[in-house]
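What follows is calculated from the coordinates using simple rules that are stated; it is not laboratory data. Computed from a prediction, not measured in an experiment: that's the story for all the values here. Cβ atoms come from the backbone with ideal geometry, glycine included; neighbour counts cover every protein chain shown.
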Amino acid sequence: MKKLFLALPLALGLSGASADELQTRVEQMMLDSFKANGIAGLDRQKQDAVQKACSGLTPPDAETMKKLEAAEMATIKWPTDGNFTGGDWKEGQKIAASGRGLTWTDKTADNNGGGCYNCHAMDPKEVSEGTIGPSLEGYGKLRGSSEEVVKYTWGKLWNSKAYNACSDMPRNGYGGILTETQIRHVMAYLFDPASPVNQ
Amino acid sequence: MRRQLLFTALGAAIALTSPLAGAAGDELNFDAYREMLADGNPAELLEMEGEELWRTARGPKNATLEQCDLGRGPGVVEGAAAQLPRYFADTDKVQDLESRLMHCMEAQQGIPSAEIINGQFLKGERGKLAALVAYVVTHSKGKPIAIDLSHPRVKEMYDMGERAFRYRTGAMDFACSSCHSQDGKRIRATQLPNITKPEGAAEGWSSWPAYRVSNSQFWTMQHRLWDCFRQQRTAEPVFASDVTIALSVFMAGKGNGAEARWPGVKR
């Protein structure tokens, strides 16, 4: 009896299975088809609000985007002492170049790279650079270091989704990918006049 | 033997190329390697091993795989891979080549699927399965990819795969689409196919399984997907699980009509 019942939507073809029903099954599949391995637990298979809203064929409407962005904005941790850019650009360079971390073959969840070069051009001399994100060559030189620019950049690095809910950029601070100290080093890499990014 | 040596040398040459050495250089060189390898893919050694395995009586039931039905009738290998994944009535499942071979190994030879599912790539029975894959796909080389999307169960897997492809999750919020849904994008120096378009899907689907020159390993499509999920920072996908089949149906179905170039040669 149960079997017959289950077979019915199939017999009717896909138009029979509603979009919601399909979505529920996909969510279940994204859980059932995986197993926890080391630091990569099954909690990773459950979506949070932005992940869920941004997995459709089209992005959410403008109002939903605004709401999501406001919620993400509230998660940003701003430096209490106002020290946004006082890191070491050389450390920042290493973090930007390293794409390692947070896979099931990584033993611990610390010491991750930012993987910036996977998606961005930064040092004009570096040729092996991704193109998923816009070029950041000459970042500090071109934009200056007004409070507004510096604050925006810190926020973008901490939680990219606060400015574009469906951004393809990871949420470095919020997601625990980079520590506050590491983000400050990357900030220095972007803003320090001595950094290769600004040569 | 001489060939083996050549491949090892090539592997080393590529491995030595620094990741900072540059996009253009790598790509150009790689085309040259591909040409050199065109009439001698190292996967040939594995194909031969796979053919041997197909014909050898093995497992608790001491049987060969010569009665294995890959969709075109018992024992028919010719053109079978190009039509997979497909729906199989005997298992009531949509299966890709790997899950189907695993089924045959259990049903005919008595080799427990659990041993393969819980095993590791390149090792033990899962390693043997990869050799069988190399053998079977070679017999679809040059054939058009032909997935039967008119079958409701296959179409259903396609739709689930399309959604799984866009399913953002994990520590970095990535979905497959984060890296594979725009034209002409790169991660570092590596060109990424746009799998949401038929040409890109065909490029991905028709060139794997492949021999990877960079590490001298033969990777099946299950292996390829497993590593993309690793880069995506999800939990570990279970071998031959629904998500791997759904994504395979999505890519193969979207690439329908393209010519299979199996086994491929990749960096």
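Here are some notes:
- Among beta bridges from DSSP that stay inside the stretch B:152-266, the antiparallel ones total about 65%.
- Applying 1/(1 + (r/R0)^6) with r as the Cβ-Cβ distance of A:D88 and A:N37 and R0 = 45 angstrom yields a FRET efficiency of 0.85.
- Sites A:T58 and A:A194 - FRET efficiency at Förster radius 35 Å, r taken between beta-carbons, to 0.05: 0.20
- Rounded FRET efficiency, nearest 0.05, which uses the C-beta distance separating B:E66 from A:K107 and R0 of 30 Å: 0.10
- Local net charge near B:E199, Cβ-Cβ under 15 Å (Lys/Arg +1, Asp/Glu -1): +1
- Top of B:A131, B:A246, B:A107 by mean-square fluctuation, Gaussian network on chain B, Cα under 10 Å: B:A107
- Under 10 Å, Cβ to Cβ, from B:W219 - net charge with Lys/Arg +1 and Asp/Glu -1: +2
- Applying a 4.7 Å Cβ-Cβ cutoff to the protein assembly as shown leaves A:C116, A:C119, B:C176, B:C179, B:C228 as cysteine residues with no disulfide-compatible partner.
- For the stretch B:152-266: Kirkwood Rh in Å [reciprocal of mean 1/r, alpha carbons]: 14.4
- Paramagnetic reach from A:S98 (point 7 Å along Cα→Cβ, amide N under 11 Å) across the stretch A:128-160: none
- Taking the Cα centre of chain B as origin and assigning +1 to Lys and Arg Cβ atoms and -1 to Asp and Glu Cβ atoms, the resulting dipole is close to 500 debye.
- Global geometry of chain B, whether rounded, prolate or oblate, following the gyration tensor of its Cα atoms and the 1.5 cut on a/c: oblate
- In this Cβ point-charge picture (+1 for Lys and Arg, -1 for Asp and Glu), the stretch B:152-266 has a dipole of about 260 debye about its Cα centre.
- Under 5 Å, built H, 5+ apart or other chain: amide partners of B:G264: B:A210, B:Y211
- Whole-Å semi-axes of the ellipsoid equivalent to the protein assembly as shown (Cα gyration tensor, √5λ, descending): 42, 28, 18
- With the simple spin-label model, which puts each label point 7 Å out from Cα in the Cβ direction, the B:E52 to B:E259 separation comes to 3.2 nm.
- Taking a straight Cα-Cα cut-off under 14 Å and skipping sequence neighbours fewer than 8 places away in the same chain, the aspartates and glutamates within cross-link reach of A:K77 are A:E180.
- Prolate/oblate/rounded label for the stretch A:52-172 (Cα gyration tensor, a/c 1.5): rounded
- Overall form of the stretch A:110-199 per C-alpha gyration tensor (a/c, 1.5; a/b vs b/c): rounded
- Looking at the stretch B:108-157, none of the GluC sites (Glu not before Pro) sits in a DSSP loop with at most 10 other Cβ atoms within 10 Å of its own Cβ.
- With 0.36 nm allotted per residue and the present C-alpha distance subtracted, the B:D183-B:E78 stretch has 34.4 nm of extension available.
- Listed residue (B:A189, B:A82, B:L247) projecting farthest to the positive dipole end of chain B, Cβ model: B:A189
- Entries in B:K61/B:K128; A:K107/B:K128; A:K52/A:K94; A:K66/A:K107 that, when Cα-Cα distance is taken, lie over 27 Å: A:K107/B:K128; A:K52/A:K94; A:K66/A:K107
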